[in-house]
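Notes follow the structure.
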Amino acid sequence: MTDTQMLITIILAVAGTVTTRFLPYALFSEGRPVPAVVEYLGHALPPAVFGLLVVYCLRNVAFTSGTFGIPELASLAVVAAVYAWRRDLMSPMVAGTAAYMLLIRLMS
């Protein structure tokens, strides 16, 4: 990439980020009600995204060889247990990642 192309790419990335950050505030000002479809998406998308991430993370796990998927399944159990205990999003992510990293180092 030339310097000009890099500058144009950076400008477009900044413009896209700024637009997506401020657009909701412009479209859904404080006095107006939020449309029903946006409310629905706000409730339906988070579980769908997490389900998609689980499928994506487990798609290449070999349950018949190697570690037999034990680190992945154990880490998934840690995530579920920590979420049930703490009911926040950050703790399960940190605990699951730490468990997975520890298990793949110990089992391989």
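The values are calculated or read from the model by the stated rules, or taken from the named source; none is laboratory data. It should be emphasised that the depicted structure is a prediction, and the values quoted were computed from it without experimental measurement. Cβ sites come from the backbone with ideal geometry, for glycine too, and all protein chains shown count toward neighbours. Calculation scope for accessible area: heavy atoms of the full protein, side chains included, ligands and nucleic acids excluded. Shrake-Rupley method; radii C 1.70, N 1.55, O 1.52, S 1.80 Å.
The figures follow:
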item: Selection from region 92-104 of residues that are surrounded by fewer than 17 Cβ atoms within 10 Å (Cβ to Cβ) and either modelled with pLDDT of 95 or more or aliphatic (A, V, I, L, M) (or both); result: M93, V94, A98, M101, L102, I104
item: Complete set of residues in region 13-48 that are surrounded by 10 or more Cβ atoms within 10 Å (Cβ to Cβ), over 24 Å from the mean Cα position of the chain (by Cα) and aliphatic (A, V, I, L, M); result: L27, V34
item: Extreme residue, nearest to C57 (Cα to Cα), among residues of region 68-89 that are of a type in the set (D, E, K, R) and in a helix (DSSP H, G or I); result: E72
item: Scan of region 58-74 for residues that are open to solvent by less than 90 Å² (accessible area, probe 1.4 Å) and either more than 18 Å from T97 (Cβ to Cβ) or touching a helix residue (DSSP H, G or I) at 6+ places or on another chain (Cβ under 8 Å) (or both), ordered by number; result: L58, V61, A62, S65, G66, T67, G69, I70, P71, E72, A74
